[in-house]
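Asks: What follows is a structure written as structure tokens; I'll ask about it next.
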Amino acid sequence: MSKTVPTISSGTAGPLGVKHLPRLWQKASLAAVDKLHDEYPAAGAGYDQMTLDALKIDRDTFLNYINSEKPSYIQLEAWVKENGTIDADAIAAHNAGVDGYIHSDEVRAEILAGAGLADDGSIKDAVNLNNLDDWALFHKGEIA
């Protein structure tokens, strides 16, 4: 069975306006049916936990919901409204945190090298670096 590299960007938000939530849903949903690429956690410690914390949702509760119900994205957002806290200020702070996160120089260099791009210092933010990392891994595993 093929394992899928998630390609929804952390910079993407759904109707609730929460950046990274669509990606977290995709990763957790793929993991629930054993289709998530082995290099990705269903819900890790970085953006995933930041997103759950902003919504005041327990990680295990979230994963149990995804595993048992296998919701569409819109169904997930409805569940988040019922089980989390939708606070405009917290979401704005979260989104700024997603946009403003910067990888270390070492991580940046590794991602850019893996993508075949010279590190000229122009790409520093984690969202774009993670996109490049996803796309390179996707290409390597599915296209090349």
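Asks: Please tell me if Lys56 is among the basic types (Lys, Arg), in the same structural domain as Pro6 (by TED's automatic domain parsing) and closer than 18 Å to Gly97 by Cβ.
Replies: Yes.
Asks: Please pick out the residue among Ile123, Ile86 that is assigned by TED's automatic domain parsing to the domain that holds Ala45, assigned to a loop (DSSP other than H, G, I, E, B) and not charged (D, E, K, R).
Replies: Of Ile123, Ile86, the one residue that is assigned by TED's automatic domain parsing to the domain that holds Ala45, assigned to a loop (DSSP other than H, G, I, E, B) and not charged (D, E, K, R) is Ile86.
Asks: Here are Ala115, Ala78: which of them is modelled with pLDDT of 95 or more, farther than 15 Å from Ser10 by Cβ and touching a helix residue (DSSP H, G or I) at 6+ places or on another chain (Cβ under 6 Å)?
Replies: Result: Ala115 is the single residue among Ala115, Ala78 that is modelled with pLDDT of 95 or more, farther than 15 Å from Ser10 by Cβ and touching a helix residue (DSSP H, G or I) at 6+ places or on another chain (Cβ under 6 Å).
Asks: State whether the residues of region 39-51 include one that is farther than 21 Å from Ala126 by Cα and outside the structural domain of Asp133 (by TED's automatic domain parsing).
Replies: no
Asks: Considering only residues that are in contact (Cβ under 8 Å) with a residue 40 or more places away in the chain and either within 12 Å of Lys81 (Cβ to Cβ) or assigned to a loop (DSSP other than H, G, I, E, B) (or both), which ones fall in region 4-20?
Replies: Those that are in contact (Cβ under 8 Å) with a residue 40 or more places away in the chain and either within 12 Å of Lys81 (Cβ to Cβ) or assigned to a loop (DSSP other than H, G, I, E, B) (or both): Val5, Pro6, Thr7, Ser9, Ser10, Gly11, Gly14, Pro15, Leu16, Gly17, Val18, His20.
Asks: Looking only at region 27-53, count how many residues are in contact (Cβ under 8 Å) with a residue 24 or more places away in the chain, over 19 Å from Ile86 (Cα atoms) and not small (Gly, Ala, Ser).
Replies: 9
Asks: Considering only residues of region 110-144 that are among the hydrophobic types (A, V, I, L, M, F, W, C) and surrounded by fewer than 13 Cβ atoms within 10 Å (Cβ to Cβ), which is farthest from Lys3 (Cα to Cα)?
Replies: Ala118
Asks: Quick one: Gly44 ticks every box in (1) loosely packed, with under 14 Cβ neighbours inside 10 Å; (2) in contact with a Gly (Cβ under 9 Å, 6 or more places away or on another chain); (3) within 23 Å of Ala93 (Cα to Cα) bar one, so which box is it?
Replies: (2)
Asks: May I pose another question? From the set of residues in region 54-83 that are free of Cβ contacts under 8 Å to residues at least 40 places away in the same chain, aliphatic (A, V, I, L, M) and in a helix (DSSP H, G or I), which is surrounded by the most Cβ atoms within 10 Å (Cβ to Cβ)?
Replies: Leu55
Asks: So Ile66 ticks every box in (1) in contact with a Ser or Thr (Cβ under 7 Å, 6 or more places away or on another chain); (2) not assigned by TED's automatic domain parsing to the domain that holds Val5 but one. Which box is left unticked?
Replies: (2)
Asks: Among residues belonging to region 7-50 that are of a type in the set (A, V, I, L, M, F, W, C) and farther than 19 Å from Phe138 by Cβ, point out the one that is modelled with the lowest pLDDT.
Replies: Among them, the one singled out is Ala45.
The values are calculated or read from the model by the stated rules, or taken from the named source; none is laboratory data. Note that the coordinates shown come from a computational prediction; the quantities given were computed from them, not determined experimentally. Cβ sites come from the backbone with ideal geometry, for glycine too, and all protein chains shown count toward neighbours.
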